[in-house]
Each structure stands twice: as C-alpha cells, then as structure tokens.
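Take a look at the structure below.
The values are calculated or read from the model by the stated rules, or taken from the named source; none is laboratory data. Note that the structure is a prediction, hence the values are computed from the model and not measured. Glycine also receives a Cβ, built like all others from the backbone with ideal geometry; neighbour counts cover every protein chain displayed. Note: areas computed on protein heavy atoms with side chains; ligands, DNA, RNA excluded. Shrake-Rupley method; radii C 1.70, N 1.55, O 1.52, S 1.80 Å.
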Amino acid sequence: MAREGSGHAQFITGTDRMQPKVMQSLRFALQPAVDNISVNWTVPEGVTVDMLSPPINTLFQGQRALIHAQIKGQSSGKTEGAVTVKYRLKDQPVTNQLQFTLKPAEDTGLTIHRLAARSVIRSLELEERAGGADTENIRRRIVELSVQAGVSSVYTAFIGINKDSKQTVKGPLLQRSVPVSHMMAAFHGGGARMCACGPIQSNSMGIQCDSMSFEEEGEEGEPQKDPLLQLVSLQKAAGCWELNASLAAVFGKTEDEVTNQKTAQVEGSVWATVLALIWLYAYKSDQQDEWQFVAMKAASWIRSQKPDGLSQCVCDGNALLGSQVTEDTLEI
C-alpha cells in the first residue's frame, strides 16, 4: 500500500517502540513533495528510447527513484543524447538535464542491465497479479527476461552448481528454523505488520495502532508516569509550558527551586519553556524522533515572544538542570 501510494513503510519487530516509527512516518509525510514529474529524451535520428520503469508520480524528501530505459537503433551522425527531468517542488517548476554519450564504455559490465531487467520483471509481475488479459505471454516474458539477465523471478530460481565438476548440486532439502521476532500488526486482518503513511488516505483496510501502556510500577505497585510523556502532556496548545509544580517534578526539582533560579528579565512561561527544551535535548536525545515536533513548536513560540536576556536564561537553565546545551542547539 505504501509503494502504490508513493508513501513510506515502517516495520516494527521485536522490542522496537511504535512511537518513533510513527513519528518518522509523520515527519516523512509532512515534507514537501516533488510532483508533476516528466522525463523527456533527446536522441539522434534513427535512435529510439523505450521506458522500462513505471512512471513516477511523487517523490518525498529522502526518497530516490531509478529510471531505466532501453536505447535502440543506430545513428550515423550524432553520438550524444540528453535526458530532461522536469518536476514541481513547492509550486515552483524545476528542470534538470543530463548529457550522455551513445558510445558506452567496454568495461561497464551488466549491472545496469540486470537492474533494468529486474524493474521490467517487477512491473510484469504486478501486471499479472492485477489480472492482465494475456497472462501466458506475461509469464513467458518474465521467464525469458529472468534467464537472459540472471535475475530471479516468481517463476525462476537459482540452483547450486559444483565449481569443480560443473554438475548440479543434488541432495535432500534441509530445513532451517529461523526465529522471527514478535511483530506488531498495523493492518486489519494480520499478516506482515507494518505502518504505512502516504499522500493518499487508506481504503477500508485502514491503519490500526494497538493500544500501548507507558506506565511502570514502582516499588509499592503504584504506576509511575514516563517523564517524557508527562512533559509533553503539560505543553500548552501555543507551544509553551507554565511554571508550576508538575513541570518542576519532571526535572526532579521543587517548584521553589525552579522559581528561585529564574532569570529576572524573562517571564515565567518563557523560563519554563526554555527549561523544557534544555531537558529534552540534554536527557532525551535518544528519543528525539518522538519529541522533535514538540520542540519545534516550543522554539517557534519562544522566537515569537522576542524575550530579553535569552542567552542568560539558557545559561541559568543549564546550571539548574546540570547540562550544557547551547542556544544554537535549541534553535531559539
């Protein structure tokens, strides 16, 4: 579903936490997308270009796309060609052009050819799976390409050959038990469990996130809240925090300790928000995927306040929390 929707797939196995995976997918989906992609070829007369890769509709930041094409024919004149890629990014048109020679080097090998063959085989397999009208010809084409290029498919497989005798390796099949970690389902109906996030909404399959508990029991059986989740729950809709006992408890301080160390020039909410950012970067850097949007909103709120004495506020916050986070790191 992620591939067809030009989206992003996440797999959650073993002891992996779902939260960072979900936040990574969310960050991925919020990035500006490249769309309206077109590929145009300029080749000499007598030369044609057959596209082997399916068309690309959308690309997100961090994604890459491989475009395979087969150049046929022979030109008695020009030996140069060009491919032009046009797309739109943030509503702005962009054009990139690449020049290439029609005289390939002799030592290039067959790596690119095999990649192109694999692309064609995958497209044919998807076409057959979708119920194409000419199924037999599609299967025959898949097998032909697989054998020619030495690339496996759903209808072909590699076999072992003894290097000395050149004979096929024969013998009974051996079964190997490979332990599979516990996997968490994200789709209704079970199966391979993954989270997918794309530019289109999912259909009736939907995405289902299992409920998870983030509380731990203390020595006397009382639940203890995760400090990170407690901090996030205290953030206001505007992106700031208020200076109170609940926030001080997250830092392991009393309200009086936090209040007495406040920089004189700044307001209580600015001081509390700076402390929250310092604490996140100093003590929860390993979970940054989970709180990065929280920090971005808080930093944006601080910049909008344009407070005086912000540098001194950061220094006092580091002294209170026993950290060394710079103002540049906080992006305020």
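Here's the list of lysines a cross-link from residue 253 could span, going by alpha-carbon distance under 22 Å and ignoring same-chain residues fewer than 8 apart: 225, 236, 262, 284.
Counting only lysines at least 8 places from residue 90 when in the same chain, those with an alpha carbon closer than 24 Å to its own are 297. Ligands, DNA and RNA are left out, and with a 1.4 angstrom probe the accessible area of the chain is 66 Å² per residue. Projecting the Cα atoms of 161, 113, 47 onto the charge dipole of the chain, computed from C-beta unit charges around the Cα centre, puts 47 farthest toward the positive end.
Given their separation in residues at 0.36 nm each and the Cα-Cα distance between them, residue 319 and residue 27 gain 101.9 nm when the chain is fully extended. Accessible surface of residue 259, taken over heavy atoms with a 1.4 Å probe and every protein chain present, rounds to 60 Å². Rg over Rh for the chain works out to 1.11, both radii taken from alpha-carbon positions and Rh defined as the Kirkwood radius.
What number, in percent, do you get for the relative contact order of the chain if the mean sequence gap of Cα pairs under 8 Å and at least 6 apart is divided by its residue count?
Reported as a whole number, the value is 15 percent.
The slack between residue 107 and residue 78, meaning 0.36 nm per residue of separation minus the straight C-alpha distance, is 8.2 nm. Within a straight-line Cα-Cα reach of under 21 Å, residue 78 can be paired with the following lysines, leaving aside sequence neighbours fewer than 8 residues apart in one chain: 103.
So for the stretch 101-174, what percent of the C-alpha to C-alpha distances run longer than 16 Å? Tail of the P(r) past 16 Å holds 62 percent of the pairs.
Placing a label point 7 Å from the Cα of residue 288 along the Cα-to-Cβ line, the residues of the stretch 10-39 whose backbone N sits under 20 Å from it are 17-32.
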